[in-house]
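A.B. asks: Right, I'll just put the structure down here and ask away after.
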Amino acid sequence: MNKDTAAYLKGKKKQILETWMGNQVKDAALRDDLMSVAELQQQSEEFLSALLNAFNTPEAEDTESAGYEPIHDILSDISITRARQGFSPRETSTYILSLKQVLSQELEEQLRGNPALLYQELLSMNRIMDSLGMVTMETYIKGREEVILRQTSEISEISTPVIRVWEGILALPIIGTLDSARTQVVMEALLQEIVATSSRIAILDISGVPTVDSLVAQHLIKTVSAARLMGAECIISGIRAEIAQTIVHLGIDLTNIYTKATLASALKMAFSMLNIQVSRAPKQNLGF
Amino acid sequence: MIVLSKEKFPIEKEQDVILFRNRIKELATRTGMSLVNQTKLMTAASELVRNMLRYAGGGVTLLEIVSRSSIPGVRLTFIDEGPGIKDVHQAMKDGFSTGKSLGLGLPGAKRLVNEFDIKSEPGKGTTVTIIRWKNGL
Ligand SMILES: Nc1ncnc2c1ncn2[C@@H]1O[C@H](COP(=O)(O)OP(=O)(O)O)[C@@H](O)[C@H]1O
Ligand SMILES: [Mg+2]
């Protein structure tokens, strides 16, 4: 970018910022519930200063050059924050796109008399802003992926509650895929509760596990062994008919493990293992 | 055999396994496969993608709906460019594992489908193809 052009833009900073802010705020896409306008103003001013400075360096067109480092930082920060706050891709890219518009207008105004130079400077400015736009999108997507990963791990934690169904009996409904990370969470939660409640039986209900492959089976077997070391016996319940057939074909040996089709039958088994008798009270007139 | 539909599904990370299995379920449902057969197919596929991730660091899968003598089925191909398997015969045995796991993935997957083919070349990679027919046992 031409030195004079860069200097001109720098001189116009205040005006550019004002118009840009106006555009951002006016744009229906900006959600003031998500970010205060004052905050946006401050962020935008920092960004614009850094950008206009970078325009004024010999490597203005190389957005990977040192002058652009602070710009990348601010931009990444903005898009990551917007990704986390639930801004849409459109709302996020508006940030750069609306500034590009203002800069185009300024260049047009200043260089109207010199179409050749105007063309050249517009081209150069566009190249810079497009490249920054791509950075915005890349970081935005990274931010979204982070959100998804965090939600996944949160879900896997909240979805493994250990329930005390009876004195000495725990139940653990497992919902979703039992991968290695998940097994760790399940196993820790279970062992902790076994100790805390001195329980002797744990029922692992897998009716909510969609696929039982050899890895899941291995994880289940490991969990059962760990519980045994803590002095508790496990019963695996919720084995659906199609899962039972699949396990047999896979060749998984569950003969050393108590298994039941339903949670209710597992509970019954647990009662008898603990010599607990549950019976219906005889019908009588409760006359008190 | 006619190919009725064909798509690619790259497998790069553990999270892909769940999406992959869900996609297979959709295809299997489209052929009218019973729940038991769907579950068998998904479990076999699960074993094979896990192997791809674990031993070859990922790969690519082809998901096809095929038809032979008017009977529809799902054909899945697992292609990786990992280290390959030195002795395929040994790897197909129940309980053989170089990864301290159950060693039931390959032999189990073979029992869960109607057609099973494995080709592996050390240093080049491994390709496994399976078919589960709608009405196959
Ligand atoms: N895609 C693959 N690439 C390289 N080696 C493989 C691949 N799939 C399986 N193997 C080898 O075959 C062995 C048996 O696999 P499998 O039957 O799934 O049992 P496991 O995964 O429990 O070891 C593995 O331990 C591994 O050495
Ligand atoms: Mg395996």
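The values are calculated or read from the model by the stated rules, or taken from the named source; none is laboratory data. Just so we're clear, the structure is a prediction, and the values are computed from it rather than from any experiment. Glycine also receives a Cβ, built like all others from the backbone with ideal geometry; neighbour counts cover every protein chain displayed. Surface accessibility is based on the protein's heavy atoms, side chains included, excluding ligands, DNA and RNA. Shrake-Rupley method; radii C 1.70, N 1.55, O 1.52, S 1.80 Å.
A.B. asks: Report the residue count in the range B:15-44 for those that are at the interface with another protein chain (Cβ under 9 Å from one of its Cβ atoms), open to solvent by less than 10 Å² (accessible area, probe 1.4 Å) and within 17 Å of B:Thr129 (Cβ to Cβ).
C.D. replies: 2
A.B. asks: While we're here: Take B:Lys110 and tell me if it is more than 8 Å from ligand 1 (Cβ to nearest atom), open to solvent by 50 Å² or more (accessible area, probe 1.4 Å) and not in a loop (DSSP other than H, G, I, E, B).
C.D. replies: Here the answer is yes, as B:Lys110 does meet what is asked.
A.B. asks: Taking the range B:70-84 as the region of interest, how many residues are farther than 15 Å from B:Ala44 by Cβ and either open to solvent by less than 50 Å² (accessible area, probe 1.4 Å) or away from ligand 2 (no atom under 16 Å from the Cβ) (or both)?
C.D. replies: Narrowing the range B:70-84 to residues farther than 15 Å from B:Ala44 by Cβ: B:70-72, B:79-84.
Cutting the leftovers down to either open to solvent by less than 50 Å² (accessible area, probe 1.4 Å) or away from ligand 2 (no atom under 16 Å from the Cβ) (or both) gives us B:70-72, B:79-82, B:84.
Number of matching residues: 8.
A.B. asks: Then there is this: Quick check, is A:Tyr140 among the aromatic types (Phe, Trp, Tyr), open to solvent by less than 80 Å² (accessible area, probe 1.4 Å) and more than 19 Å from A:Ala217 (Cα to Cα)?
C.D. replies: Spelling it out, A:Tyr140 is indeed among the aromatic types (Phe, Trp, Tyr), open to solvent by less than 80 Å² (accessible area, probe 1.4 Å) and more than 19 Å from A:Ala217 (Cα to Cα).
A.B. asks: B:Leu53: modelled with pLDDT of 95 or more, near ligand 1 (Cβ under 8 Å from one of its atoms) and farther than 16 Å from B:Asp117 by Cβ, yes or no?
C.D. replies: The answer is no for B:Leu53.
A.B. asks: Continuing with the same structure: State all residues of the range A:255-264 that are outside any strand (DSSP E or B) and open to solvent by 40 Å² or more (accessible area, probe 1.4 Å); if no residue qualifies, say none. Please lay out each step first, then the result.
C.D. replies: Here is the first cut: in the range A:255-264, the ones outside any strand (DSSP E or B) are A:255-257, A:260-264.
Scanning the range A:255-264 gives A:Thr255, A:Asn256, A:Lys260, A:Ala261, A:Thr262, A:Leu263, A:Ala264.
A.B. asks: Answer yes or no: is there a residue in the range B:38-49 that is more than 14 Å from ligand 2 (Cβ to nearest atom), among the basic types (Lys, Arg) and within 14 Å of the chain's Cα centre (by Cα).
C.D. replies: yes
A.B. asks: Open to solvent by less than 60 Å² (accessible area, probe 1.4 Å), touching a strand residue (DSSP E or B) at 6+ places or on another chain (Cβ under 6 Å) and more than 21 Å from A:His219 (Cβ to Cβ) - does that describe any residue in the range B:87-98?
C.D. replies: Yes: one or more hits.
A.B. asks: On the basis of being within 16 Å of ligand 2 (Cβ to nearest atom), in contact with a helix residue (DSSP H, G or I) (Cβ under 9 Å, 6 or more places away or on another chain) and of a type in the set (Asp, Glu), does B:Asp87 make the cut? Reasoning before the result, please.
C.D. replies: Numbers: within 16 Å of ligand 2 (Cβ to nearest atom): yes; in contact with a helix residue (DSSP H, G or I) (Cβ under 9 Å, 6 or more places away or on another chain): no; of a type in the set (Asp, Glu): yes.
So B:Asp87 fails the test.
A.B. asks: How many residues does the range B:51-94 contain that are in contact (Cβ under 8 Å) with a residue 40 or more places away in the chain and among the basic types (Lys, Arg)?
C.D. replies: Total satisfying the criteria: 3.
A.B. asks: Any idea which of B:Gly99, B:Gly108 is in contact with a helix residue (DSSP H, G or I) (Cβ under 9 Å, 6 or more places away or on another chain), within 12 Å of chain A (Cβ to nearest Cβ), modelled with pLDDT under 95 and within 13 Å of ligand 2 (Cβ to nearest atom)?
C.D. replies: None of the others qualify; the one that does is B:Gly99.
A.B. asks: Let me ask you something else. Quick one: B:Arg75 ticks every box in (1) within 16 Å of ligand 1 (Cβ to nearest atom); (2) more than 9 Å from chain A (Cβ to nearest Cβ); (3) not in a loop (DSSP other than H, G, I, E, B) bar one, so which box is it?
C.D. replies: Just one mismatch for B:Arg75, condition (1).
A.B. asks: Related question: If I ask for residues that are more than 9 Å from every other protein chain (Cβ to nearest Cβ) and closer than 14 Å to A:Leu178 by Cβ, which ones from the range A:235-267 would you list?
C.D. replies: Result: A:Ile236, A:Gly238, A:Ile239.
A.B. asks: Please specify each residue of the range B:56-66 satisfying the condition of being within 12 Å of ligand 1 (Cβ to nearest atom) and more than 14 Å from B:Lys8 (Cβ to Cβ).
C.D. replies: Of everything in the range B:56-66, those that are within 12 Å of ligand 1 (Cβ to nearest atom) and more than 14 Å from B:Lys8 (Cβ to Cβ) turn out to be B:Ala56, B:Gly57.
A.B. asks: Going through the range A:209-238 one residue at a time, which ones are open to solvent by 30 Å² or more (accessible area, probe 1.4 Å) and more than 16 Å from ligand 1 (Cβ to nearest atom)?
C.D. replies: Across the range A:209-238, the qualifying residues are A:Pro210, A:Ser225, A:Arg228, A:Leu229, A:Met230, A:Gly231, A:Glu233.
A.B. asks: Now a separate question. Which condition from (1) among the hydrophobic types (A, V, I, L, M, F, W, C); (2) in contact with a helix residue (DSSP H, G or I) (Cβ under 6 Å, 6 or more places away or on another chain); (3) closer than 28 Å to B:Asn114 by Cβ; (4) at pLDDT below 95 is the one that A:Leu254 breaks?
C.D. replies: Condition (2) is where A:Leu254 drops out.
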